[in-house]
1. Across the range 252-281, which residue is modelled with the lowest pLDDT among those that are part of a loop (DSSP other than H, G, I, E, B) and touching a Lys or Arg at 6+ places or on another chain (Cβ under 9 Å)?
2. When you go through (1) in a helix (DSSP H, G or I); (2) open to solvent by 70 Å² or more (accessible area, probe 1.4 Å) one by one for M239, which number turns out not to apply?
3. Give me a count of the residues in the range 20-38 that are buried (at least 19 other Cβ atoms within 10 Å of the Cβ) and in a loop (DSSP other than H, G, I, E, B).
4. Looking at the range 206-221 only, could you name the residues that are in contact (Cβ under 8 Å) with a residue 12 or more places away in the chain and either on the phi < 0 side of the Ramachandran plot or of a type in the set (F, W, Y) (or both)?
5. Which members of the range 489-523 meet the condition of being open to solvent by less than 60 Å² (accessible area, probe 1.4 Å) and of a type in the set (V, I, T)?
6. Please state which one of K416, K402, K394 is part of a helix (DSSP H, G or I) and under 54 Å from the mean Cα position of the chain (by Cα).
7. Based on what the data block shows, is I343 at pLDDT below 90, touching a strand residue (DSSP E or B) at 6+ places or on another chain (Cβ under 8 Å) and not polar (S, T, N, Q)?
8. Got a sec? Which of Q161, Q168 is out of contact with any Leu (no Cβ under 6 Å at 6 or more places or on another chain) and under 19 Å from L206 (Cβ atoms)?
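The values are calculated or read from the model by the stated rules, or taken from the named source; none is laboratory data. Note that the structure is predicted; figures quoted are calculated from it, not measured. When we count neighbours, we look across all protein chains shown, and the Cβ atoms used for this are built from the backbone with ideal geometry, even at glycine. To get the accessible areas, we keep the full protein, side chains included, count just its heavy atoms, and leave off ligands, DNA and RNA. Shrake-Rupley method; radii C 1.70, N 1.55, O 1.52, S 1.80 Å.
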Amino acid sequence: MTLLQELRKWRDTQARSEGVETFRVFPNAVLQSLVDTLPKNKEEMLCIKGIKDAKFRKYGLVLLGIIKTYSVFQNDNEGNVDTMVIHTESEEKVLENNKVSDHNDETMTDQTLSVSQFLDGLNVELSGMAARIQGEVSSVDERERVVYFTLKDDKDESTLQCLIFRFQYDVSGVKLKVGDQITIEGVPDIYKPNGRLSMKVGVIELSGAGALQKAYEELYKKLSNEGLFLPEKKRILPMFPERIALITSEQGAAIGDFTMNLGEQGFKVIFFPTSVEGKKSVFEIISAVKYFNRHPEKYDILVIIRGGGSLESLQAFNNEALVREIASSKIPTLLGVGHEKDITLSALVSDKMVSTPTATAKELRFHFDEARHRVHRFETQLPLLFKEILTETKNTLEGDTKTLLQYLQGFQDIFKTLRQSLREKLFIIEAFIRRKREFLSQNKKSLENGLLRMIGQVKENIDYQDSLLKQYDPARVLKLGYSLVKKETHIIKSCADIKIGEKLSLEFDQGKAVVQVEEIFEK
């Protein structure tokens, strides 16, 4: 492990214990500056941008101890960082306590502090005392923003007042009840208004396989009733993914098994390192899922892996907040967590789950291997197949050519027959037309005479009809002195058609007159 990795590991642990983002402890640039400069005392450390007195009081002695340990082992191994041995937690505490003692000897003064200043300094010192504690819950007080609870020691009834912010409590997925055996991670803190010491908790875990199994079954039933595990909610994974978003620990066998079995397929793996042990890793994994889902179009598949373990070590993947985060992922998800017997709720809600990190890599490369196998098989079989098809095609063409020639010969015979028949028909038509011409020539005079006679008869008939029209023309009668008597539009032909007093119109050859009937004479 390099110094930068060791510093990041310390920062991650510290951030979880304080319940804050890692950059609020130290950003990456500050950690890199520590690696580049390797400060040996307070003065050298304060020269690094981003480290002030407050930060040094809070973290300085621990950082100097880590750097010194690294330097000692680097010298012992002649610069071979890969073989560096990491101190155990107890050894680091001893080293840290020795540093604190040296620091107190050097900086002790006669300065008198106010109560507030003393408590501030005390909280700075306490912030470096992150701890993992197990005990029994003896009281719980859930409020809107904070949950207060008391942790009791089973042996001597010692108690510890604890608090956890509501967001961290909800993400932990543990509903505290009096009598629960739990494990917490946090830092001690003194509340200045009343000087009360309490544990500021960042992570809560249930203790004991029975409690964990019960919590697993209850959450499984709840999520199952909501339909989160239904097959129709599963998306089909891309057959040939190229851009893989990977979430796992950068240490351990999981990532080694995964990368070793992934093969050289041209994958682009974007790796987001997180811890994967217990519920303390929930925050990191959720942050990683959220990070990739900010730009889901950049990735083809989201992969989360870790090796097998006990139910307690797999708590993170049975956490409700993480399960829902995976379910809402816009990127298709593939989980390879644990072994065949380890079925986590996160795996159940994913689009596809496999048993191990190795199986995950094989799942990703499966279609690539299958395509490669097909190409290899085609390389071997294609020449033989081509020869077989070519021979078959040649035989088919020869047979079709023979058949076509037979058809063409038949067409030629039919054409000759049709041509002879056409010549005969044309000869008959020509003779018919010749006869008709002779007939028309002979009957032309008869037609002309008949037509003249017909025209004369029509002319005589027209003249006769014209004389009749002139004879019966009402205008001619009127010119002779007669007149037309009308009642409205009707011509009066009898005295029966009129009455005394009615008005009648008289039409003459020259003009019209209106008269009134005064007397009627009948014959």
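1. Step by step, filter the range 252-281, then rank; the result is G252.
2. M239 satisfies all of (1) in a helix (DSSP H, G or I); (2) open to solvent by 70 Å² or more (accessible area, probe 1.4 Å) except (1).
3. The qualifying residues number 1.
4. L206, S207, A209, A211, L212, Q213, A215, Y216, L219, Y220
5. Passing the criteria: I492, I498, V515, V517, I520.
6. From the options K416, K402, K394, the qualifying one is K394.
7. yes
8. Q168
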